[in-house]
Amino acid sequence: MRDVVLKVIYEAIDEVNIDLETPVLKNEDSSLFGENSILDSMGLVHLITSIEQKLEEETGNYLSIADERAMSMESSPFKTVKTLADYITKLIDEQ
Amino acid sequence: MHIDFFNNVFEENASSPAIIWQDHTLDYSWIRNEIKRSLQFLSDNQVKNGEVVALRGDFTPTTICLLMALIENQNIIVPFNYEIKESDTKKFVIAQVEKIISVDVTTDQYSISKTENIADHNYYKTLNDRKVPGLVLFTSGTSGQPKGAVHDFTKLLNKFRAKRTALRTVNFLLFDHWGGLNTLLHTLSNAGVVLATKDRKPEEICKFIEKHKIELLPTSPTFLNLLILSEVYKKYDLSSLKLITYGTEPMPGSTLTKAKAIFSNIQFQQTYGLIELGVLRSKSKSDDSLWVKVGGEGFELRVVENILQIKADSAMLGYLNAPSPFTEDGYFITGDFVEQDGEYLKILGRKSEIINVGGEKVYPQEVENVILEFENVVDVTVYGEKHPLTGNIVCAKVLVSKELDKAQFIRELKSFCKQKMQSFKVPVKISIEEGTLHNDRFKKRRQL
């Protein structure tokens, strides 16, 4: 499942990159939101919504990634590609 | 007594055409007689002064005469469109409707029924103490619960005492709203011809304009948009049309520009009316400008914290089922965000429709205007959706003109929006729709 999640994240990054001067790199250590990140809050919102839409296409289920729980986690799941992929995989497993 | 000045006009113009309906022409002497018959009907059915009566119909001859008779009979009138919706039954209760008169839109036959309601609202008592007819109009309200605005009908009628010219006007706006009633009363008080059609689709309206040599079309921006996109105006001779007035919702700049280009000989004028206050006189800065001067005799305007406030002689008494929207010094808080330039105003949108994205304000119209410029877009409705990251996000429902690759279209549209506006205004979610995005009033539906 994690492979599918990664693929979806990378596809979403591709989309967000179209309008960015400095692209978000496509590797697991790539920083998404927070220190040294390229995305601003709207960039992150667009990325997350795009991931949600693509996941729905892949799995047939809608999964809300940015919810109260994600917001209140001690360590943000939106820090890097790796933390995000881990978080989404966990959410899917819990479904 | 209450319609004396109308009766004078009817008498002076007895042989002039008053109503053209289903290809019959009825003159003003017919109207006078029919109002007398209607008054007899009210008395035969024990409709007493001060009773709350719902009138269901459209701009058909007997509905018009029943309306005048109810005013004369000093009733509190609650107008409804002929087609009853689920929400209308709720409105009967809110307005404490005691009797319902229904006029069939096709046959023009009418019937009356009683309800169980008892009309004891304080505002009704006020009207009855003043011995004046009343009018109850409903506004959709932001919470979804319709609000009933109670008017002293004589105050609304006063402005029709001044003589003006009556252009040949199509009664496009609906019977249950002041816009529609305003057109009707203006036409009657100036001995014009009431021209109404049941069908309000672009093609029917164009056909109607050609057939009846219509000079004035009062309408909404959404209808204009549909008219432009349908291209049906090309099939008909609309050369009689002199003036198009638009109101009820903010006009997208792109629609006005397109409309001006297509109908280059027609004058465009913005109107500004509120269910709570009536229709204000308005003057656009220029034909293709969204800046407008509103007001006129009996209206005082001021802008407080970017929101328009209006004091009006013809203001309603209040809502039947909601707190007073008036300030202590009697100004009505419109809820419309405006920009001000000297005596001109630009209406930006309803306060309640503004989308707050991470503390930044987004006006749906502004985003819609950009999306409407994009290829293959027929119509769009922009609305907000809650989002844990930014409080709200901007979403758009887009109606497209042909089958296309949705994913690619959405990508391209987002890119287009990003070039044209700040990133927080760019719709995060875009859905592609088929069908229509407006309601039967030709206004956008933003509550989904």
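The numbers here are math on the coordinates, done by the rules we state, and not lab data. All values reported here derive from a predicted model rather than from experimental measurement. Note that we place each Cβ from the backbone using ideal geometry, even for glycine, and neighbour counts take in every protein chain shown.
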Beta bridges per DSSP with both ends in the protein assembly as shown, % antiparallel, nearest 5 | 65
Mind listing the phi-derived Karplus ³J(HN,Hα) values for segment B:182-198, rounded to whole Hz, using 6.51, -1.76 and 1.60 with θ = phi - 60°, and x for any glycine or proline?
-> 4, 4, 4, 5, 4, 4, 5, 6, 10, 6, x, 10, 7, 10, 10, 9, 6
How crowded by other chains is B:381-393, given as the mean number of beta carbons from other chains within 10 Å of each beta carbon?
-> 3
For segment B:82-141, list log₁₀ I(q)/I(0) at each q in 0.20 Å⁻¹, using the Debye formula over Cα point scatterers of equal strength and ignoring solvent, two decimals each.
-> -0.95
What number, rounded to the nearest 500 deg cm²/dmol, is the helix-based mean residue ellipticity at 222 nm of chain A, given -39500 (n - 2.57) per DSSP H run of at least four residues and division by all its residues?
-> -18000 deg cm²/dmol
Select from segment B:259-340 those GluC sites (Glu not before Pro) which occupy a DSSP coil region and have at most 12 other Cβ atoms within 10 Å, ordered by residue number.
-> B:Glu297, B:Glu305, B:Glu328
Averaged across the residues of B:423-429, what count of C-beta atoms belonging to other chains lies within 10 Å of each residue's C-beta?
-> 4
For segment B:354-433, just the Cα set please: Rg and Dmax, both in angstrom.
-> 11.9, 37
Non-local residues with an amide H under 5 Å from the amide H of B:Val357, with H modelled 1.01 Å from N and Pro and chain starts lacking one, are B:Val362
Rg and Dmax [Cα atoms of the protein assembly as shown; Å; Rg one decimal, Dmax integer] = 27.3, 87
Taking the DSSP beta bridges in segment B:235-318 as the whole, what percent of them are antiparallel, to the nearest 5?
-> 75
Residues B:Lys159, B:Lys386 in order from fewest to most other beta-carbon atoms within 10 Å are B:Lys386, B:Lys159
Among DSSP beta bridges whose residues both lie in chain B, state the antiparallel percentage, nearest 5.
-> 65
Tell me what chain B gives for mean residue ellipticity at 222 nm when only DSSP H runs of n ≥ 4 count, each as -39,500 (n - 2.57), the sum divided by the residue total, rounded to 500 deg cm²/dmol.
-> -8500 deg cm²/dmol
All alpha-carbon distances of segment B:4-157, grouped into 10 Å bins from 0, give the whole-percent distribution 11, 39, 36, 13, 2
Principal axes first, then extents: for the Cα atoms of chain B, list largest minus smallest coordinate on each axis, whole Å, largest first.
-> 67, 51, 43
How well do other chains shield peptide A:55-66, expressed as the mean number of their Cβ atoms within 10 Å of each residue Cβ?
-> 1
Rounded, prolate or oblate: which one fits segment A:2-94, using the alpha carbon gyration tensor with axes a ≥ b ≥ c (rounded when a/c is under 1.5, else prolate when a/b beats b/c, else oblate)?
-> oblate
